[in-house]
Amino acid sequence: MSKENNETIIELKAVTKRYGFGDAESYALHNFDLTVKRGEFIMIMGPSGCGKTTLLNIIGLLDKPTSGKYLLNGKNVEKIPSRRKAHFRAKEIGFIFQNFNLVPTLPIIENVSLPLIYSGYRKARRLRMADNILEHFHLREREYYMPYQLSGGQQQRVAIARSLIANPSIILADEPTGNLDSRNSHIIMEELQEIHAAGNTIIMVTHNPALTTYATRVINMLDGEIDTDIKTVDDSELPRGGKNEKVSVKVLPNRDNVEMEIISDSEVTVSGENVSIKEEPKEEKAPAKKPAAKKSTTKKKKSSAKKGGKK
Ligand SMILES: Nc1ncnc2c1ncn2[C@@H]1O[C@H](COP(=O)(O)OP(=O)(O)O)[C@@H](O)[C@H]1O
Ligand SMILES: [Mg+2]
């Protein structure tokens with residue numbers, strides 16, 4: 001796949017999600033086509049029940065279409081063996097949910113480090129990376145707090161930090177400000193705007209039309225289909241990686257042999273119930289020197305360090 005700007009990152013072709021059969025048959029998504037370019041900030045709107053969450057869940061590999069095709073980074077996700085899906089998801093997709101979905105029994109720093117469980121890094125390194133990113137979010141002094149000790153706005157910033165730490169291709173946010181007051185919503189939107197400006201691709205569901213000013217594209221859905229789809233920023237004007245120096249996240253090496261489930265549809269979990277992830281007895285990699293994955297190599301080229309560097 002090509003790495004230049006305007007690269008297609010997501011392609012949905014005639015994706016349908018059907019529930020029930022016969023008389024009870026209904027469609028959460030119906031022949032849904034969508035092409036997303038790297039660097040887009042898409043807001044999805046539409047009445048309750050029109051399929052917004054289903055769409056995000058399918059894009060985020062938390063759900064499978066009944067029919068149709070989904071290419072992520074040019075890869076047909078149907079072909080990814082299920083045992084590797086969680087790994088693929090952790091590397092490629094960052095999630096932000098309305099209810100934050102932090103693991104209540106883990107301190108903030110460990111919540112943030114969760115997507116790194118596939119990285120092959122030892123725990124000390126994962127925590128160091130989480131510590132770095134929490135500093136950016138001005139939450140370092142609370143990193144050993146438990147989630148319940150933080151306000152909603154703070155918890156959502158933790159969730160954003162978590163969504164970024166593995167340097168994913170795309171960030172999916174399902175009504176991320178839905179449980180926040182307007183002041184905290186504003187703070188979260190400013191964060192997302194900055195993350196987008198750094199070259200990241202974001203797809204966000206919202207009920208709040210005022211927030212669409214942050215978007216480069218607004219899609220209105222109706223009954224499982226696209227009703228309107230308006231780009232307010234031309235593809236050629238989309239932000240590229242490497243501009244923004246604010247969020248610094250290391251590149252991950254490929255570790256295809258580590259297995260762990262991180263995020264389920266409704267909450268963040270780690271299979272085997274606790275989070276003292278398998279410690280792979282591997283030496284720590286210095287990603288700056290030897291990015292292990294092909295993809296990582298490209299990432300490094302694009303931007304030295306920036307979150308926005310992305311592949
Ligand atoms: N597990 C399920 N079983 C049956 N119907 C479902 C299921 N999940 C979602 N639906 C239906 O699919 C439609 C779209 O749901 P959803 O994607 O959650 O909508 P939105 O996020 O836009 O409110 C709704 O009609 C909903 O009732
Ligand atoms: Mg929903």
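Throughout, read-outs are computed from the coordinates displayed, never taken from laboratory work. Bear in mind that the values here come from a model prediction, so they are computed numbers and not experimental data. Note: ideal-geometry Cβ built from the backbone for every residue, glycine included; neighbour counts use all protein chains shown.
Would you mind checking the pairs 17/231; 17/37; 64/123; 69/91; 17/75 and listing those with alpha carbons more than 27 angstrom apart?
64/123
Could you give each residue of the range 73-89 its phi-based ³J(HN,Hα) in whole Hz, using Karplus coefficients 6.51, -1.76, 1.60 with θ = phi - 60°, and x for Gly or Pro?
These are the phi-based 3J(HN,Hα) values: 6, x, 9, 6, 5, 4, 7, 7, x, 4, 5, 9, 5, 4, 5, 4, 4 Hz.
Quick one: Cα centre-to-centre distance for the range 156-195 and the range 97-115, in angstrom?
13 Å
Counting only residues 5 or more places away or on other chains, whose amide H sits under 5 Å from the amide H of residue 201 once H atoms are built in the peptide plane?
Under 5 Å from the amide H of residue 201 lie the amide H atoms of 39, 171, each far enough along the sequence or on another chain.
Relative contact order of the range 26-91, please, whole-number percent, based on alpha carbon pairs below 8 angstrom and at least 6 residues apart.
24 percent
Of all alpha-carbon pairs in the range 40-153, indicate the percentage at a distance above 25 angstrom.
38 percent
Report, by chain and number, residues whose modeled amide H sits under 5 Å from the one on residue 63, excluding near sequence neighbours (fewer than 5 apart, same chain).
Answer set, sorted by chain and number: 58.
If we count other beta carbons within 10 Å of each Cβ, what is the order of 45, 204, fewest first?
Ranking 45, 204 by Cβ neighbours within 10 Å, fewest first, gives 45, 204.
Please express the shape of the range 127-245 as an equivalent ellipsoid: the semi-axes are the square roots of 5 times the eigenvalues of the C-alpha gyration tensor, given largest first in whole angstrom.
Values for the range 127-245, descending: 27, 18, 12 Å.
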